[in-house]
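Visitor: Questions regarding the structure given below will be posed in turn.
The values are calculated or read from the model by the stated rules, or taken from the named source; none is laboratory data. All figures in this text were calculated on a predicted structure; none of them were measured in a lab. We place every Cβ from the backbone using ideal geometry, glycine too, and count neighbours over all the protein chains shown. When the accessible area is computed, the model is the full protein with side chains, heavy atoms only, and any ligands, DNA or RNA have been set aside. Shrake-Rupley method; radii C 1.70, N 1.55, O 1.52, S 1.80 Å.
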There are 2 protein chains.
Amino acid sequence: VIKNLDVTLRDGGYRNNFSFPREYAIAHARESAAAGLEWVEIGYRKGSFKPIEGIGLTGRSDDDYIRAVAAAIGPERVCVILHPHNVTEADIHEMYEAGVRLIRICASSVRPLDPALGLVRLGKAAGLTVAVNFTRASRIEPRHLVRLTGSVADAGADVVYIADSNGSMTPSETSRLITLVRSVSDAAEVGLHAHANLGLALPNAIAAVDAGATWMDSSVLGMGKGPGNLRTEQWLAYLARIGQGDHYDFGRLLALADRLQREIPESVPALPLADLALACFDLSVEDKAKLPIGQAAEIFLAARMLAEEYAAA
Amino acid sequence: VIKNLDVTLRDGGYRNNFSFPREYAIAHARESAAAGLEWVEIGYRKGSFKPIEGIGLTGRSDDDYIRAVAAAIGPERVCVILHPHNVTEADIHEMYEAGVRLIRICASSVRPLDPALGLVRLGKAAGLTVAVNFTRASRIEPRHLVRLTGSVADAGADVVYIADSNGSMTPSETSRLITLVRSVSDAAEVGLHAHANLGLALPNAIAAVDAGATWMDSSVLGMGKGPGNLRTEQWLAYLARIGQGDHYDFGRLLALADRLQREIPESVPALPLADLALACFDLSVEDKAKLPIGQAAEIFLAARMLAEEYAAA
């Protein structure tokens, strides 16, 4: 059985500077849980990777907000994500006290893994379920990914996530990466965090589950960074079509999608051609700054040149 | 190698009553052909299934329009689709004379096949490439589909298409249907016409090709009936990512997508929640009229009841 995690309030935050009204955020978590989503990721603890000026409620996830959500849905569905450099040991205990039961720790192949491993051990000792998310997984060399996964599993993590941050992965690449990680993750389960830049979030989710992934991130209307994530309503409709979605209340999910659409204008789904062009070359959202502002066709040609420069460097 | 067919001017016509400005339609065909699409379907011959009041240019495909497109891109890429009850033998010859080289004949499991078979033979005798499209394939009983395919292949059709008119098919269903049809189509190749109601157009296209389909419909920005079709730009990006798209000019395709977006407001991509709800129960766009106008959640519940009534009847 798949554990579905709603990342709308967190990844969707990149669209509105994490400034969801408090009332909406709590109602969203309540309706998401009522629709049957196993976990609701309510935000970042103390900021995203880089500091963001005036970051809103779901970019901070202070104890007060956590308590309000936990009171609404019960701690057993409350998830918070974090970057190791933003938190201390005290945060782990404070979050547990406030009502978090799952923490997700962002990790990468280009930064030391030790801080993340330390937090895995602290989290497990505090009684939390702990996941580690490898960001920009499309850029991690396979042997390195095996070593990283082994270390995370040995530290006691419950879940290892592959995050397709560039939205550039194909179903066969997803299948291969999930198989690879699943093969060396021992007791830890494996999850996918998909992005829709190429329109492949749903095919990649299907491929990931076929390859053994048991945790899946999605967001309502796909609201997430850039072109967004796997769309919860499409994913649960798919699970229902293949006979694995009977325990979700799809009508309730659609009502939530309608409400999100109505109350949070930044949630409007869009798959900009420029993001598609970037993902064709596995470039990141950060590379966008190096490209001309203009028509998709110009961006595509400039992206190809940039990718060639990277390859030559 | 996959034959890609751009259906924007035809299926997209459901969004704007087929009223593409003549200048745009010709420019679209030219740019689509220049981007490398093997075929451009420029419209219906003499109307869609039911008569539509004031139907525009690409709903009629008169000889003059065909000639203008054929002059712009050469006959070898010009495709027109038709419903058998709208045309006579004379149309077949007139279309060929004007510059059509591929006709696609709509067929269904709920109407007699003989008129379509007669047109297949006429089309072949006239020197055309001929495809037959089985609409609403999700509702065709498999043994019946095998018989229909056999008849169409025996009549000499070059391609048999499965059309997921309700947008309700999953990748595994698509794979099964394409395998079934391919198994009995003999010399005829097999194609897929996908719809995006469940967000599964791209996964279904991937599954279809993996199962042996060699013809694929798509439309720029997905512009098509209801939530639309497989998006050409996503599909060609996918083919490029898996190393099968080098002969397409992706920058030129993106420029066309930008232009379509700018000049034809109805092309704006959207995946309405109500259409997703209908496709959950394999209901058609015609069933929409039997459901309440309102929030997606209400439509979902009403759609479920309607599907239960159909199942009981």
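Visitor: Going by Cα centres, segment A:134-181 and segment A:1-78 are how many Å apart?
Guide: 24 Å
Visitor: Quick check: from the Cα gyration tensor, does the protein assembly as shown come out rounded (a/c under 1.5), prolate or oblate?
Guide: Here the protein assembly as shown falls in the prolate category.
Visitor: Among A:208, A:27, B:100, which residue has its Cα furthest toward the positive end of the charge dipole of the protein assembly as shown, with +1 on Lys/Arg Cβ and -1 on Asp/Glu Cβ?
Guide: Of the candidates, A:208 comes out farthest on the positive side.
Visitor: Let me ask you something else. Could you tell me which of B:73, B:255, B:149 has its Cα farthest along the dipole of chain B towards the positive end, charges placed at Cβ (Lys, Arg +1; Asp, Glu -1), taken about the Cα centre?
Guide: After comparing all options, I get B:149.
Visitor: Also, quick follow-up: Debye sum, Cα scatterers, chain A, no solvent: what log₁₀ I/I(0) at q = 0.09, 0.14, 0.15 1/Å?
Guide: Ignoring solvent entirely, the Cα scatterers give -0.41, -1.06, -1.24.
Visitor: Using the per-residue mean of other Cβ atoms lying within 10 Å as a proxy for protection, in what order, highest first, do the peptides B:252-265, A:187-200, A:206-219 fall?
Guide: Ranking the peptides B:252-265, A:187-200, A:206-219 by packing returns A:187-200, A:206-219, B:252-265.
Visitor: Continuing with the same structure: For segment B:97-114 and segment B:214-249, what is the centre-to-centre distance using only Cα atoms, to the nearest Å?
Guide: Segment B:97-114 and segment B:214-249 have Cα centres spaced 23 Å from each other.
Visitor: So what is the calculated 222 nm ellipticity per residue for the protein assembly as shown, using -39500 (n - 2.57) for each DSSP H run with n of 4 or more, over all residues, to the nearest 500 deg cm²/dmol?
Guide: Estimated from H runs of four or more residues: -13500 deg cm²/dmol.
Visitor: Once you sort the root eigenvalues of the Cα gyration tensor of segment A:121-195 as a ≥ b ≥ c, which label holds: rounded (a/c under 1.5), prolate (a/b larger than b/c) or oblate (the other case)?
Guide: On the way: a/c = 2.21, a/b = 1.73, b/c = 1.28.
Prolate is the answer for segment A:121-195, as a/c is 1.5 or above and a/b outweighs b/c.
Visitor: When only C-alpha pairs under 8 Å and at least 6 residues apart count, what is the relative contact order of segment B:13-100, in percent?
Guide: Relative contact order comes out at 34 percent.
Visitor: Sticking with this structure for a sec: Hey, any idea what Rg/Rh is for segment A:1-110, computing Rh the Kirkwood way over Cα pairs?
Guide: Working: Rg = 12.9 Å, Rh = 13.7 Å.
When Rh is taken as the Kirkwood radius, the ratio is 0.94.
Visitor: Roughly how many debye, to the nearest 20, is the charge dipole of chain B about its Cα centre, given +1 on each Lys and Arg Cβ, -1 on each Asp and Glu Cβ, and no other charges?
Guide: It comes to approximately 140 debye.
Visitor: Right, next: Average partner chain C-beta neighbours within 10 Å, per residue of A:198-209?
Guide: Per-residue shielding by partner chains comes out at 5.
Visitor: Could you identify the residue of B sitting closest to the B-A rotation axis by Cβ and state that distance rounded to whole angstrom?
Guide: For the rotation taking chain B to chain A, the closest Cβ gives B:203, 2.
Visitor: Right, another one. Can you pull out the GluC sites (Glu not before Pro) in segment A:1-105 that DSSP calls coil and that have at most 15 other Cβ atoms within 10 Å?
Guide: Numbers: sites: A:23, A:31, A:38, A:41, A:53, A:76, A:89, A:94, A:97; in loops: A:38, A:53.
Here the sparse-neighbourhood loop sites are A:53.
Visitor: Right, another one. Given charges of +1 on the Cβ of Lys and Arg and -1 on the Cβ of Asp and Glu, with all other atoms neutral, how large is the dipole of the protein assembly as shown about its Cα centre, in debye to the nearest 20?
Guide: I would put it at about 120 debye.
Visitor: Across peptide A:299-311, what mean number of C-beta atoms from other chains lies inside 10 Å of a residue's C-beta?
Guide: If you average over the peptide's residues, the count of other-chain Cβ atoms is 1.
Visitor: Could you list, in their original order, any pairs among B:50/B:288; A:46/A:288; B:225/B:290; A:3/B:290; B:3/B:46; A:3/A:46 whose Cα atoms are separated by more than 28 Å?
Guide: A:3/B:290
Visitor: Could you quote the convex hull projected area for segment B:132-280, Cα atoms only and averaged over all directions, in nm²?
Guide: Numbers: hull surface 36.4 nm².
So the mean shadow area of the Cα hull is 9.1 nm².
Visitor: Taking the label point 7 Å from Cα in the Cβ direction, how far apart in nm is residue A:63 from each other copy of itself, listed shortest first?
Guide: Residue A:63 label point versus its equivalents elsewhere: 8.5 nm.
Visitor: Read phi for every residue in segment A:81-88 and hand back ³J(HN,Hα) as whole Hz from Karplus 6.51 cos²θ - 1.76 cosθ + 1.60, θ = phi - 60°, with x for Gly and Pro.
Guide: Result, rounded to whole Hz: 10, 7, 9, x, 6, 8, 10, 10.
Visitor: In addition: For segment A:1-147, what does the relative contact order come out to in percent, with C-alpha contacts under 8 Å and a separation of six or more?
Guide: It comes to 19 percent, rounded to a whole number.
Visitor: To the nearest 10 square angstrom, what accessible area does residue A:93 show with a 1.4 Å probe?
Guide: 90 Å²
Visitor: Over segment A:241-313, with a single point scatterer placed on each C-alpha, what log10 of the ratio I(q)/I(0) does the Debye formula yield at q = 0.14, 0.26 1/Å?
Guide: -0.65, -1.10
Visitor: Apply the Kirkwood formula to segment B:184-267: the hydrodynamic radius equals the inverse of the mean of 1/r over all pairs of different alpha-carbon atoms; give it in Å with one decimal.
Guide: 13.6 Å
Visitor: Now, a different point. State, to one decimal in nm and shortest first, how far the label point of residue B:23 sits from each corresponding label point in the other identical copies (label point: 7 angstrom along Cα-to-Cβ).
Guide: When each copy's label point is compared with this one, the spacings are 5.1 nm.
Visitor: For chain B, what's the relative contact order in percent, using C-alpha pairs closer than 8 Å and at least 6 residues apart?
Guide: Details: 645 pairs, mean separation 51.5, N = 313.
Result for chain B is 16 percent.
Visitor: Next question, about the same structure. What FRET efficiency, computed as 1/(1 + (r/R0)^6) with R0 = 60 Å and r the Cβ-Cβ distance, is obtained for residue B:67 and residue A:310, rounded to the nearest 0.05?
Guide: 0.80
Visitor: I've got another one for you. Which cross-chain or sequence-distant (5 or more) residues have an amide H under 5 Å from the amide H of residue B:190, H modelled 1.01 Å from N in plane?
Guide: Sorted by chain and number, the residues that satisfy this are B:160, B:214, B:215.
Visitor: Related question: If we hang a label 7 Å off Cα along the beta carbon direction at residue B:286, how far is it from the matching labels on the other copies, in nm, shortest first?
Guide: Copy-to-copy label distances for residue B:286: 5.5 nm.
Visitor: Treating only the Cβ of Lys, Arg, Asp and Glu as charged (+1, +1, -1, -1), what charge dipole size does segment B:132-247 show about its Cα centre? Round to the nearest 20 debye.
Guide: 360 debye
Visitor: Taking all protein chains together and a probe of 1.4 Å, list B:235, A:39 from the most accessible to the least accessible.
Guide: Ranked from most to least accessible, the order is A:39, B:235.
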